[in-house]
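These notes concern the structure reproduced below.
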Amino acid sequence: MDKLVLGIDIGGTGTAMGIVDRRGTIVVQRTMSTTGHDTVYSFIDALAKEAEILMKHAGREKMGGVGIGAPNANFFTGEIAYAPNLPWEGVIPLAKLVREALHLEVAITNDANAAAIGEMTYGTAKGMKDFILVTLGTGLGSGFVANGQLIYGHDGFAGELGHVIAVRGGRKCGCGRYGCLETYASATGIVRTANEWIEERGMVESLLSKQNNITSASIFEAAQNGDGVALELFDYTGKILGETLADMVAITSPQAIIFFGGLSKAGELLIGPVRKYMEANLLKIYKNKVALLCSALPDADAAILGAAALAW
């Protein structure tokens, strides 16, 4: 009998789950709200009900385990610790709670690490032993794989590229520090840059100055239409990201850096500048050796597949 696993991705607003086979096919999936539950215990109750519906549909007897990707989740302890984007405070023993609710073995890691495992198992990084996965969404997440192993560090929190200080004394970050990479090179970061530039320069010549609510998608659209300021925004964002990645290459010497998430959909508008500034700042021994690639996993399924791969 072919075994199946349950992959669960817990996000700040929504939770997605799916039953996955060993080939990476999602047999059946559901979504639910992360918010609207008074306590984490009521959330777990709701999660268990949704999961049981899926497992009944796929065959409960085939289930081999559960993999969970969640913000600030610790692979070693099975806990979520002080996740700013989740509605529950403090340290939550999530793996234990899900194990007790579903009576299955549970593995948990942070969402970006889950995405890296998904890429290594089912995606662009299949067969690679050394790569960096960078998720460019509301924030900037990352997973570092070296010698075929995901790097967790001694406490489970290694590989926080989004909180490398890219600009000394720079923008205030949600973590409380200043100048973190994610405050510049993320969907939120590029919008912050655009709003700052409008305030400082006026930018009347740009399509963006006429928008009440600038988004990363509207910057992309303006850049596609040849808007000079939008193109400059991508160049500036790519510069900060590329320079920082040049430093990261010196640490793990990856075969590839793989980009995932909303901002990466800009393709060469972003990747072109990243490549230019990364190569310009690499040590000679690393030049022209690191491929910059975009994820091959479909957006809607990637988080579920990454979590499921953790269970395998």
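The values are calculated or read from the model by the stated rules, or taken from the named source; none is laboratory data. These figures come from a predicted structure and were not determined experimentally. Cβ atoms come from the backbone with ideal geometry, glycine included; neighbour counts cover every protein chain shown.
Annotations for the structure displayed:
- Hits in the range 141-161 (condition: among the small types (Gly, Ala, Ser), without any contact (Cβ under 8 Å) to a residue 40 or more places away in the chain and surrounded by fewer than 24 Cβ atoms within 10 Å (Cβ to Cβ)): GLY148, GLY153, ALA158
- Some residue of the range 195-207 being closer than 24 Å to PRO254 by Cβ, assigned to a loop (DSSP other than H, G, I, E, B), outside the structural domain of GLY78 (by TED's automatic domain parsing) and in contact with a helix residue (DSSP H, G or I) (Cβ under 8 Å, 6 or more places away or on another chain): no
- Any hit, the range 96-107, residues being under 30 Å from LYS289 (Cα atoms), touching a helix residue (DSSP H, G or I) at 6+ places or on another chain (Cβ under 9 Å) and without any contact (Cβ under 8 Å) to a residue 40 or more places away in the chain: no
- For ALA116, the conditions (1) at pLDDT 95 or above; (2) buried (at least 17 other Cβ atoms within 10 Å of the Cβ) are fulfilled apart from (1).
- Given (1) exposed (fewer than 15 other Cβ atoms within 10 Å of the Cβ); (2) within 23 Å of the chain's Cα centre (by Cα); (3) under 23 Å from HIS57 (Cα atoms), index of the condition THR35 fails: (3)
- Flag for ALA125 being in contact with a Phe, Trp or Tyr (Cβ under 7 Å, 6 or more places away or on another chain) and either small (Gly, Ala, Ser) or without any contact (Cβ under 8 Å) to a residue 40 or more places away in the chain (or both): yes
- For the range 275-309, the candidate set comprises residues that are of a type in the set (D, E, K, R) and in a helix (DSSP H, G or I); within that set, the residue that is farthest from the chain's Cα centre (by Cα) is LYS284.
- Yes/no for LEU181 being surrounded by 24 or more Cβ atoms within 10 Å (Cβ to Cβ), hydrophobic (A, V, I, L, M, F, W, C), within 20 Å of MET248 (Cα to Cα) and modelled with pLDDT under 95: no
- Hits in the range 137-175 - residues which are of a type in the set (S, T, N, Q) and farther than 25 Å from GLY189 by Cα: ASN147, GLN149
- Criterion (closer than 18 Å to GLY306 by Cα, in contact with a His (Cβ under 9 Å, 6 or more places away or on another chain) and either at pLDDT below 95 or not β-branched (Val, Ile, Thr) (or both)) met by exactly one of LEU136, LEU150, LEU140, LEU94: LEU140
- For LEU207: the one exception among (1) without any contact (Cβ under 8 Å) to a residue 12 or more places away in the chain; (2) more than 17 Å from THR237 (Cα to Cα): (1)
Residues checked against (1) of a type in the set (A, V, I, L, M); (2) surrounded by fewer than 20 Cβ atoms within 10 Å (Cβ to Cβ):
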site: SER206; (1), (2): no, no
site: SER209; (1), (2): no, yes
site: SER216; (1), (2): no, no
site: LEU233; (1), (2): yes, no
site: TYR236; (1), (2): no, yes
site: THR244; (1), (2): no, no
site: ALA256; (1), (2): yes, yes
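- Restricting the range 271-304 to residues that are within 30 Å of THR15 (Cβ to Cβ) and touching an Asp or Glu at 6+ places or on another chain (Cβ under 9 Å), the residue that is surrounded by the fewest Cβ atoms within 10 Å (Cβ to Cβ): ALA296
- Across the range 129-138, the qualifying residues are those that are assigned to a loop (DSSP other than H, G, I, E, B) and over 8 Å from the mean Cα position of the chain (by Cα), and the one among them that is surrounded by the most Cβ atoms within 10 Å (Cβ to Cβ) is THR138.
- For the range 36-48, the count of residues that are over 16 Å from ALA311 (Cβ atoms), polar (S, T, N, Q) and assigned to a helix (DSSP H, G or I) is at least one.
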